[in-house]
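The values are calculated or read from the model by the stated rules, or taken from the named source; none is laboratory data. Treat the numbers as computed from the prediction; the structure is a model and nothing was measured. Here the Cβ positions follow ideal geometry from the backbone for every residue, glycine too, while neighbour counts run over all protein chains shown.
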Amino acid sequence: MKKTVLITGATSGIGESCARKFAAGGFNLIITGRRKERLETLAEELGSDSGVDILPLVFDVRSLSEVKSSLENMPSGWDKIDILINNAGLAVGLSHLQDGDTEDWERMIDTNIKGLLWVTRTVSPGMAARGSGHIINVASIAGKEIYEYGNVYCATKHAVDALSRSMRIDLLKTGVKVTNVAPGLVDTEFSLVRFKGDSKKADIPYKGLDPLTGDDVADVIYFCATTPAHVNINDIVVMPAAQGSANHYHRI
């Protein structure tokens, strides 16, 4: 029987790469995001190419009511989620704390922390009751270290790191696995969102080095999700070869 994977933030970047990777691996998919057209196009493409069943759900993880309405009223046969990939997340703005935009802060906190919590709180009880499942949280090197201008984004990813460790302990006796995946620089829409559409600024972090791709991170997530039943990868950091830490790069 095919397992079912729920991926949040599947319309681009790491989430889209995960959808492609798991579909190719024969998993049925529930893919979520806010961009309806992108989501439905991806679902149609992957369903046609891979032959797996795909359910696209359009909702905003920041809204608990939307999360519950979408995930608690799925069509028959979709209620057993084997793997949850909490991927939806973003950085907005890059400024010192004293100059920060509080609306940017709220957007990051509501997406990166609350969104992860709302989805996990809705999905995890079923996993715990069945005695199986795997929750994979996409964190960041910003959840391990801080860097100048990162302040609130770093705080939200530190929260994801802490929540992953807490979930691991809280769910230990239920048989549900928990994994924290912390990437370094990944070339996706991430930087474009952070700089609010300014493509020139968005290119700066990747100048002179080869960053990770969404596919690179999806490969790591897939590896973590397909280990034997008695193996759990608690925490994994994946970096470009040219990045040594949140603050150390080798640029050519």
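A quick yes/no check of all residues on (1) within 11 Å of Ala10 (Cα to Cα); (2) touching a helix residue (DSSP H, G or I) at 6+ places or on another chain (Cβ under 9 Å); (3) assigned to a helix (DSSP H, G or I):
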| residue | (1), (2), (3) |
| --- | --- |
| Ile30 | yes, yes, no |
| Arg38 | yes, yes, yes |
| Thr41 | no, no, yes |
| Gly47 | no, yes, yes |
| Leu57 | yes, yes, no |
| Asp60 | no, yes, no |
| Ser69 | no, no, yes |
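Which residue out of Leu29, Leu6, Leu64 is surrounded by fewer than 18 Cβ atoms within 10 Å (Cβ to Cβ) and modelled with pLDDT of 95 or more? If you could, list the steps in order and put the result at the bottom.
Values: Leu29 fails: surrounded by fewer than 18 Cβ atoms within 10 Å (Cβ to Cβ); Leu6 fails: surrounded by fewer than 18 Cβ atoms within 10 Å (Cβ to Cβ).
So the residue among Leu29, Leu6, Leu64 that is surrounded by fewer than 18 Cβ atoms within 10 Å (Cβ to Cβ) and modelled with pLDDT of 95 or more is Leu64.
Within region 79-119, take every residue that is of a type in the set (A, V, I, L, M) and part of a loop (DSSP other than H, G, I, E, B) and give me the one that is nearest to the chain's Cα centre (by Cα). Before you say what the answer is, go through the steps one by one.
Start the filter on region 79-119 by keeping residues that are of a type in the set (A, V, I, L, M), which leaves 81, 83-85, 88, 90-92, 94, 97, 108-109, 113, 116-117, 119.
Imposing the further condition that a residue be part of a loop (DSSP other than H, G, I, E, B) reduces the set to 81, 88, 90-92, 94.
Details: Ile81: 16, Ala88: 5, Leu90: 10, Ala91: 13, Val92: 16, Leu94: 21 Å.
Checking each candidate, the answer is Ala88.
Here are some residues: Ser191, Ser132, Ser164, Ser140. Which one is over 18 Å from Ala91 (Cα atoms), hydroxyl-bearing (Ser, Thr, Tyr) and crowded, with 18+ Cβ neighbours inside 10 Å?
Unique residue meeting the criteria: Ser164.
Do the conditions hold for Val123, that is, is it under 21 Å from Val5 (Cα atoms), surrounded by 17 or more Cβ atoms within 10 Å (Cβ to Cβ), of a type in the set (A, V, I, L, M, F, W, C) and over 16 Å from the mean Cα position of the chain (by Cα)?
Numbers: under 21 Å from Val5 (Cα atoms): yes; surrounded by 17 or more Cβ atoms within 10 Å (Cβ to Cβ): yes; of a type in the set (A, V, I, L, M, F, W, C): yes; over 16 Å from the mean Cα position of the chain (by Cα): no.
When the stated conditions are applied, Val123 does not pass them.
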Output the residues belonging to region 9-26 that are crowded, with 21+ Cβ neighbours inside 10 Å and either among the small types (Gly, Ala, Ser) or without any contact (Cβ under 8 Å) to a residue 12 or more places away in the chain (or both). Gly9, Ala10, Gly13, Gly15, Ser17, Ala19, Ala23
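Based on this model, can you work out whether Ser140 counts as under 14 Å from the mean Cα position of the chain (by Cα) and of a type in the set (S, T, N, Q)? Steps first, please.
Working: under 14 Å from the mean Cα position of the chain (by Cα): yes; of a type in the set (S, T, N, Q): yes.
Taking the combined requirement at face value, the residue satisfies it.
Looking only at region 141-175, how many residues end up being small (Gly, Ala, Ser) and either modelled with pLDDT under 95 or on the phi > 0 side of the Ramachandran plot (or both)? Quick ask: steps written out before the conclusion?
In the first step, residues of region 141-175 are kept if they are small (Gly, Ala, Ser); the result is 142-143, 150, 155, 159, 162, 164, 166, 175.
Now drop any that are not either modelled with pLDDT under 95 or on the phi > 0 side of the Ramachandran plot (or both), which leaves 175.
Here the count works out to 1.
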For region 202-219, what are the residues that are farther than 19 Å from His248 by Cα and not β-branched (Val, Ile, Thr)? Gly214, Asp215, Asp216, Ala218, Asp219
